[in-house]
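Please read the structure below before turning to the comments.
The values are calculated or read from the model by the stated rules, or taken from the named source; none is laboratory data. If you're wondering where the values come from, they're calculated on a predicted model, not measured in any experiment. Note that we place each Cβ from the backbone using ideal geometry, even for glycine, and neighbour counts take in every protein chain shown. Accessible surface areas use protein heavy atoms only, side chains included; no ligands, DNA or RNA. Shrake-Rupley method; radii C 1.70, N 1.55, O 1.52, S 1.80 Å.
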Amino acid sequence: MPGSVTPSSLARLLGDWNLGAGPAYRELADVVRLLVLDGRIPLDMALPSERALAAALGLSRTTVTAAYARLREQGFLSTGQGSRARTCIPHQGSRGSHPDGASNLSGAPGLAVPAGILDLAYASLPASGEVVHRAFAAALTELPALLPGFGYDALGVGPLREAIAARYTASGVPTTAHQILVTSGAQHALNIILRTLAGRSDKVLVEHPSYPNALDAIRAAGCRPVPVAMPAASPDRQPGFGPGWDLAGIEAALRQQRPAMAYVVPDFHNPTGRLMSDPQRRALVRAAAASGTVLVVDETLRELNLDGAAATPVAAFSPAVVSIGSLSKSHWAGLRTGWIRAGEPLIQRFAAARSTMDLGGPVVEQLAAAHLVSALSEPLPARLAALRENRDILLALIADHLPTWQSERPAGGLSVWCRLPAPISTALAVIAPDFGIRLAAGPRFGLGGAFEHYVRVPFTLPPEQLETAVRALRSAQDRLSAAPQLRRNLSAAPAAAIA
Ligand SMILES: Cc1ncc(COP(=O)(O)O)c(C=O)c1O
């Protein structure tokens with residue numbers, strides 16, 4: 001059922017929005033737009049009437065009317081006949097939805113990136129084109145053999161499940177095809193797992209910060225996230241495992257809260273890029289077993305290992321671990337191919353739960369994916385070399401142009417998690433488009449409005465665009481520094497005040 005935002009909730013979310021940096025209607029529209037984009041106001045929410053919001057904010061009705069008109073013009077509000085304005089996002093874009101989550105700021109598809117805007121809100125790469133193309137050509141030649149079948153297969157096509165199982169076996173985790181369920185990406189995999197293992201009100205342990213779409217999926221399943229803070233970055237910018245995870249904190253949370261499930265990204269964690277060490281992996285598995293918690297590890301970014309540090313797959317430490325994988329980062333998110341590895345009885349339960357969502361994946365895509373998984377490392381050297389260079393360029397640009405930022409050197413993945421000198425992340429994201437960039441505010445990666453002090457900066461753009469983007473960040477930060485009122489007012493809108 002679509003909901004509504006009360007005038008007082010919206011006033012709370014808006015905080016001290018009025019910066020005095022431009023016409024009030026424009027600032028009001030800009031802040032509402034950001035709240036919609038980063039998911040703090042969900043889609044299809046009825047906003048208060050113009051009269052009610054004007055009263056709640058102490059504004060003239062004309063100002064609210066003009067702000068709503070601007071939002072309608074930009075495609076962020078729709079109004080049905082005789083009804084209240086509802087939140088939505090523009091649909092006329094060709095870039096499509098943003099896959100990595102931060103980006104899918106609203107959780108809804110079709111958000112266009114205006115021409116000329118550099119998109120730092122998502123961390124994803126174009127396809128390893130030739131490799132993907134070849135895999136599809138091979139898949140088409142294999143298709144006729146499958147056409148006499150019905151085409152439904154909740155577990156996934158055999159050749160792909162075998163290729164994935166062989167890959168696990170080769171990495172030291174003996175696996176059969178019966179232990180693999182093919183999904184439409186890692187996000188789909190997580191939803192299937194949540195549907196199967198976590199009931200409404202069940203607790204799910206998460207790292208804090210974490211991958212935004214995972215947090216959304218956990219909340220959408222009616223579960224209660226139990227956040228455990230990641231330790232702060234050390235300023236030494238050393239490569240390797242970095243400050244890692246707070247295992248004592250995780251163990252205490254598992255012992256005291258006994259969550260049904262724990263969702264962890266140990267391989268180039270999104271957004272910090274950290275890699276969990278083997279001793280921590282072992283301790284994590286042991287602690288989850290002791291509290292009766294199903295440990296779900298998301299290995300979506302595992303192949304993006306920039307420094308070559310070795311870490312054993314978590315499933316090697318226990319057969320009870322549930323692993324999620326995906327081709328989205330190694331090859332292309334457009335493949336929409338991922339998987340779950342677990343014990344066979346659990347895989348059967350996942351397959352049963354899946355049938356409430358879909359009846360299997362498309363066959364040609366899976367046949368192509370089988371080729372890609374069989375030669376998984378083929379596109380990686382070039383991809384990793386470019387990413388390594390981009391990472392180093394981005395870190396150098398940040399050190400040069402934004403010396404008050406503390407950036408953590410990621411061991412892998414696609415982005416740098418930066419600590420800002422002040423809690424200005426939302427404010428930066430609001431004014432970012434004025435400087436030609438789009439940003440995901442830090443609170444998207446946390447719960448309850450946390451991480452106003454942080455921003456995630458991907459290094460997926462080419463070097464010259466990275467330079468433009470960092471210069472734009474500097475200009476945006478300077479604008480905020482020159483207008484402390486602006487900074488204060490745009491920061492820290494609470495996350496949970498929606499009726
Ligand atoms: C940690 C993590 N899990 C899952 C996903 C989504 O993966 P997929 O495209 O396979 O659904 C992402 C994408 O950025 C991610 O970073």
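Values computed for the structure shown
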| read-out | value |
| --- | --- |
| Positions within the stretch 348-367 being within 16 Å of the ligand (Cβ to nearest atom), open to solvent by 10 Å² or more (accessible area, probe 1.4 Å) and of a type in the set (D, E, K, R), in sequence order | D358, E365 |
| Complete set of residues in the stretch 158-183 that are crowded, with 21+ Cβ neighbours inside 10 Å and touching an Asp or Glu at 6+ places or on another chain (Cβ under 7 Å) | Q179 |
| Complete set of residues in the stretch 313-325 that are open to solvent by 10 Å² or more (accessible area, probe 1.4 Å) and of a type in the set (S, T, Y) | S318 |
| Residues being at pLDDT below 95 and open to solvent by less than 10 Å² (accessible area, probe 1.4 Å) - total across the stretch 274-312 | 0 |
| Among (1) in a loop (DSSP other than H, G, I, E, B); (2) within 14 Å of the ligand (Cβ to nearest atom); (3) at pLDDT 95 or above - the single one G325 does not satisfy | (1) |
| All positions within the stretch 425-440 that are within 18 Å of S124 (Cβ to Cβ) and either at pLDDT 95 or above or surrounded by 24 or more Cβ atoms within 10 Å (Cβ to Cβ) (or both) | I437, L439, A440 |
| Residue ID - farthest from the ligand (Cβ to nearest atom), chosen from residues in the stretch 331-347 that are under 16 Å from the mean Cα position of the chain (by Cα) and assigned to a loop (DSSP other than H, G, I, E, B) | W332 |
